[in-house]
Amino acid sequence: MKCKVCRGPAVIDLPRHNANFCADHFLRYCRNQVERVIHDYAMLTPGERVLVAVSGGKDSLALWDLLGELGWETDGLYVGLGIGDYSDVSGGYARRFAAERGLRLNEVDLRATYDFDIPTAAAVTRRVPCSACGLSKRHLFDAAAVDGGYDAMATGHNLDDEAAVLYGNVLRWQMAYLGRQRPVLPAGNGFPRKVKPLVRLTERETAAYCVLRGIDYQVEECPMAAGNRHLGYKEVLNEMERRSPGTKSSFYFGFVDRAVDLFAQEAWSGPSGGVGFDDGAADDGGASGRPLGHCTRCGAPAESDLCAFCRLVDRAGGAQPVPVAPPRRRS
Amino acid sequence: MKVLLRNPRRELDVAGPISVTRLLQQLDLNRESVLVISDGTLVPGDATLADDASIEIRPVISGGEGPGR
Ligand code: SF4
Ligand SMILES: [Zn+2]
Ligand SMILES: [Zn+2]
């Protein structure tokens, strides 16, 4: 296989673009995709400061690297989730990445600051771990972006993430969620602007970007993710993608460019109380849209006296810690 | 050749030479879900993997929800 641009030996084939690239031209392709999406969806304007949500995984580190390459001023925020070795190793990758590049990485540790961790929160609330985890991360990232005076908060959601969330929301006709699933959400009501600059890149592409840039990242999967619905949706979508390259992109961008506005009316008046499909990745302010009130304890947007995070702290903080469940075998 | 798989981590012995595409077919893996790395270098689908190569098949699909991944 030869690079589409320079005819040199290719390192990666992208069936959805009917193109193969050498390392240099693949990296350039990634930068172009991000630059284009930032421009097309008016995510950022020159001179703005961006807070990057960093987990130590491929997407967030690729995102941080790409934004720097494109000239944006960024800091990172890492949230220590207390998921055993997985969190220790993930945090190590995030810290090393920042240190090697002289970037600033802020950290919040759930156990140290709020006296709980994700496995314990999941046990106490009897919900899937990703639910307490997504809630905590959203809250802490939002708060840090607002308090730190950042112009935007950037997350590493890629095309596969967004297509899987869309697929789940369409399967259940989650009207409110559908109306909010956009690559950029404006600031307002105490929320920072939220941008997803990687939505034009697939997971395979963000992983390849890291490999080619020499970025070490957490390859192991979070032990709490087993059985997560998104994984199943991703497998289904990748099977369609294999048969018909470009499916994920046309599904997601067709929605964003032509359909999301049809659901917009539902967007901020949707179901409240966190029932239904907890699709964290597409959300803004959890399952209930954008509340108008503020938490009496922490000042975050809230629909009752206390925000969902402070309520979680009340339930899980100080609870008897539970061990991390062993990962379920996946092929 | 030695083939390293992850999640969970395990190692297989596969007879080479074999193309990347064939290897993935043999292991029933979708190429959208993995990268193939041969002796530390990313390789495309039509590359031939030598019998003495050391191969990593790296999954790229992450689960989970919420920002910060
Ligand atoms: S898989 Fe779930 S529990 Fe694990 S880090 Fe991601 S959101 Fe949190
Ligand atoms: Zn080239
Ligand atoms: Zn609060």
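To the nearest hundred square angstrom, how large is the accessible surface buried between B and A, total for both chains, probe 1.4 angstrom?
Chains B and A together bury roughly 3400 Å² of accessible area.
What does the average come to when, for each residue of peptide B:42-49, you count the partner chain Cβ atoms lying within 10 Å of its Cβ?
5
Of all the accessible heavy-atom surface of the stretch A:1-44, with the other protein chains kept in place and a 1.4 Å probe, what percent is carbon and sulfur?
47
Between A:R242 and A:R297, what length in nm is gained on full extension when 0.36 nm per residue of separation is reduced by their alpha carbon distance?
Length gained between A:R242 and A:R297: 14.8 nm.
What number, in percent, do you get for the relative contact order of the stretch A:41-329 if the mean sequence gap of Cα pairs under 8 Å and at least 6 apart is divided by its residue count?
24
What is the stretch A:108-159 by shape, rounded, prolate or oblate, if you read a ≥ b ≥ c off the alpha carbon gyration tensor as root eigenvalues and call it rounded for a/c under 1.5, prolate for a/b larger than b/c, and oblate otherwise?
Verdict is oblate for the stretch A:108-159.
Let's test the formula: R0 of 45 Å, r as the Cβ-Cβ distance of B:D51 and A:R31. What FRET efficiency results, to the nearest 0.05?
Approximately 0.75, to the nearest 0.05.
Do the alpha carbons of any pairs in A:K196/A:K234; A:K58/A:K196; A:K2/A:K58 sit beyond 22 Å of each other, and which pairs?
Check vs 22 Å cut-off fails for A:K2/A:K58.
Considering every pair of different Cα atoms, what Kirkwood radius, in Å, is found for chain A?
Hydrodynamic radius (Kirkwood, Cα only) of chain A equals 20.4 Å.
Report, by chain and number, residues whose modeled amide H sits under 5 Å from the one on A:G80, excluding near sequence neighbours (fewer than 5 apart, same chain).
A:V108, A:D109, A:L110
Read phi for every residue in the stretch B:42-55 and hand back ³J(HN,Hα) as whole Hz from Karplus 6.51 cos²θ - 1.76 cosθ + 1.60, θ = phi - 60°, with x for Gly and Pro.
5, 10, x, x, 8, 5, 9, 9, 6, 5, 9, 6, 10, 10
Would you calculate, for the protein assembly as shown, the mean residue ellipticity at 222 nm contributed by helices, counting each DSSP H stretch of 4 or more residues as -39,500 (n - 2.57) and dividing by all residues, to the nearest 500?
Helices in the protein assembly as shown give a 222 nm mean residue ellipticity of -11500 deg cm²/dmol.
At a threshold of 8 angstrom on Cα-Cα distance, excluding pairs fewer than six apart, so keeping six or more, what relative contact order does the stretch B:2-59 reach in percent?
45
Could you pull out every residue, at least 5 positions away or on a different chain, whose amide H is within less than 5 Å of the one on A:A302? Hs are placed 1.01 Å off N in the peptide plane, and Pro or chain starts have none.
Correct list: A:G293, A:H294, A:C295.
So what is the accessible area of the stretch A:41-329 per residue, in Å², with the probe set to 1.4 Å?
Roughly 40 Å² per residue, with all protein chains present.
Fully extended, how many nm does the chain gain between A:E69 and A:R7 (0.36 nm per residue separation, minus their Cα-Cα distance)?
19.8 nm
Taking amide H atoms as placed 1.01 Å from N in the peptide plane, list the residues 5 or more away in sequence, or in a different chain, whose amide H sits under 5 Å from that of A:I12.
Amide H neighbours of A:I12, under 5 Å, 5+ apart: A:F21.
Going highest first, how would you order A:81-88, A:127-134, A:218-225, A:66-73 by mean Cβ packing within 10 Å?
With the highest mean Cβ count within 10 Å placed first, the list reads A:127-134, A:218-225, A:81-88, A:66-73.
Need one word for the stretch A:5-88: rounded, prolate or oblate. Basis is the Cα gyration tensor (sqrt eigenvalues a ≥ b ≥ c); a/c below 1.5 gives rounded, then a/b vs b/c decides.
In terms of gyration-tensor shape, oblate.
I need the phi-derived Karplus couplings for the stretch A:104-110: 6.51 cos²θ - 1.76 cosθ + 1.60, θ = phi - 60°, integer Hz, Gly and Pro marked x.
After applying 6.51 cos²θ - 1.76 cosθ + 1.60, I find 8, 10, 8, 9, 10, 10, 4 Hz.
Would you please put A:192-199, A:113-120, A:243-250, B:42-49 in order of how densely packed they are, using the mean number of other Cβ atoms within 10 angstrom per residue and starting with the highest?
Peptide ranking by packing, descending: A:192-199, A:113-120, B:42-49, A:243-250.
If you count only protein heavy atoms with a 1.4 Å probe, what accessible area per residue comes out for the stretch B:2-59, rounded to a whole Å²?
49
The values are calculated or read from the model by the stated rules, or taken from the named source; none is laboratory data. Model, not experiment: these values are computed from the prediction. Heads up, the Cβs are rebuilt from the backbone with ideal geometry, glycines too, and the neighbour counts pull from every protein chain shown. What goes into the accessible areas is simple: the full protein's heavy atoms, side chains included, and nothing from ligands, DNA or RNA. Shrake-Rupley method; radii C 1.70, N 1.55, O 1.52, S 1.80 Å.
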